[in-house]
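A short write-up of the structure that comes next.
What follows is calculated from the coordinates using simple rules that are stated; it is not laboratory data. Predicted, not measured: the structure shown is a model, and the values here were computed from it. Reconstructed Cβ throughout: ideal geometry from the backbone, glycine too, with neighbour counts over all protein chains shown.
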Amino acid sequence: MTRTVLITGATAGFGAASARRFAREGWNVIGTGRRAERLQGLKDELGDAFHPAVFDVTDEKAMLSAIADLPEKFKGIDLLINNAGLALGTAAAPGTSLDEWKTMINTNVTALVTLTHHLLPVLIERKGAIINLASVAATYPYTGGNVYGGTKAFVRQFSLGLRSDLHGKGVRVTSIEPGMCETEFTLVRTGGNKEASDNLYRGVNPLKAEDIAETLYWVASLPPHMNINTLEMMPVHQSFAGFQVFRED
Ligand code: NDP
Ligand code: 8X3
């Protein structure tokens, strides 16, 4: 039986790669994002298996109308991939913008719980699954991670809480926690600074969007009695560093 996945943030990075991965396996794919032309490009590429749903995830009215407007064959959502998200800024807290902090919270947290809440009835009815994109930043703090890390810690803990709340309902919930992966993420984080983005990945063999798509597809295609609770991954070129110590002399 054909299954249906809704992937937020399908215009770039993990979301676009996942739209392709799931469509290739015969799933119906609803891809969301603000950039209509990118979604149209996926529609041209993937054909009738793909439904573009253009909306800003922070706009609940637009989100609800996109859900209401889903064509019949896309209404039975089996899998929600909460992927849309962003980091803004790399400065330590005193040098940050409060507006950017609020945008990260509105996008990574408020929009994610809003869409999840609206889709819970169909996901429960269909004994479906939810995969949330957290990050290694949920667990490991770093300078400049401040609110971004906080939002991802929320996503991780919310995922675990949902598992508990959905006990006995047959709905699976997973928190995926990648480290450095080359997408448009750093371009967005640095306000479009291509040089900064290129410098971050220079000489590194980072994760690729396709690696994450493969992981998401693997999680989704496990037998229904198996739930991956959390899954953390990094490129081999990234690992951990020690604590910092401030000395007064
Ligand atoms: P990209 O910047 O490449 O893609 C982000 C996607 O999110 C885009 O499709 C964008 O669509 C969408 N998005 C952002 N804001 C909104 C909004 N307000 N409304 C609708 N869509 C929105 O990033 P990645 O693919 O790398 O990141 C995907 C997720 O994975 C994010 O949650 C990120 O935090 C997380 N992550 C990324 C890592 C990395 O190193 N790349 C590592 C760990 C986690 P559009 O702009 O068209 O609206
Ligand atoms: C993105 C990974 O290490 O830049 O979530 O926070 S990191």
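For the pair the stretch 43-91 / the stretch 144-218, the C-alpha centres are spaced 18 Å from each other. Counting only aspartates and glutamates at least 8 places from LYS61 when in the same chain, those with an alpha carbon closer than 18 Å to its own are ASP69.
Each residue of the stretch 182-196 was assigned a 3J(HN,Hα) from its phi angle through the Karplus expression (A = 6.51, B = -1.76, C = 1.60, θ = phi - 60°), giving 7, 9, 8, 3, 6, 4, 5, 4, 9, x, x, 7, 5, 5, 5 Hz with x at Gly and Pro.
Express in nm, to one decimal, how much length is gained between ARG247 and ALA92 on full extension, taking 0.36 nm for each residue of separation and deducting their alpha carbon distance.
Working: separation 155, 0.36 × 155 = 55.80 nm, distance 1.87 nm.
That pair, ARG247 and ALA92, stretches by 53.9 nm at full extension.
Against the chain, whose longest principal axis comes from its Cα atoms, helix 111-125 is set at around 30 degrees.
Starting from the Kirkwood Rh over alpha-carbon pairs, what translational D in µm² s⁻¹ does the stretch 7-85 have by Stokes-Einstein at 10 °C and 1.306 mPa s? Reported coefficient: 130 µm²/s. The chymotrypsin sites (Phe, Trp or Tyr not before Pro) of the stretch 147-249 meeting both criteria, a DSSP state outside H, G, I, E and B (loop) and at most 13 other C-beta atoms within 10 angstrom of the site's C-beta, are PHE240, PHE243, PHE246.
For the stretch 171-249, the list of trypsin sites (Lys or Arg not before Pro) that fall in a loop by DSSP and count at most 13 other C-beta atoms within 10 angstrom reads ARG202, ARG247. Once both axes come from the Cα atoms, what is the angle between helix 13-24 and the longest principal axis of the chain, in degrees from 0 to 90, rounded to 10? Once rounded, one gets 30 degrees.
In degrees from 0 to 90, rounded to the nearest 10, what is the angle of the helix 146-165 Cα long axis to the longest principal axis of the chain? Helix 146-165 sits roughly 40 degrees off the main axis of the chain. Computed from backbone phi with θ = phi - 60° and the Karplus coefficients 6.51, -1.76 and 1.60, the 3J(HN,Hα) list for the stretch 205-213 is 9, x, 4, 10, 4, 5, 5, 6, 4 Hz; x is used for glycine and proline.
Backbone amide hydrogens, once placed in the peptide plane, bring ALA129 within less than 5 Å of LEU79, LEU80, ARG172, excluding anything fewer than 5 places away on its chain.
Convex hull over the Cα atoms of the stretch 88-174, averaged projected area in nm²?
Numbers: hull surface 22.2 nm².
So the mean shadow area of the Cα hull is 5.6 nm².
If you model the stretch 4-233 as an ellipsoid using its alpha carbon gyration tensor, with each semi-axis the square root of five times an eigenvalue, the axes come out at 27, 20, 18 Å, biggest first. Over the stretch 1-137, the fraction of Cα-Cα pairs per 5 Å bin, rounded to whole percents and listed from the shortest bin up, is 2, 10, 20, 24, 20, 12, 6, 4, 2, 1, 0.
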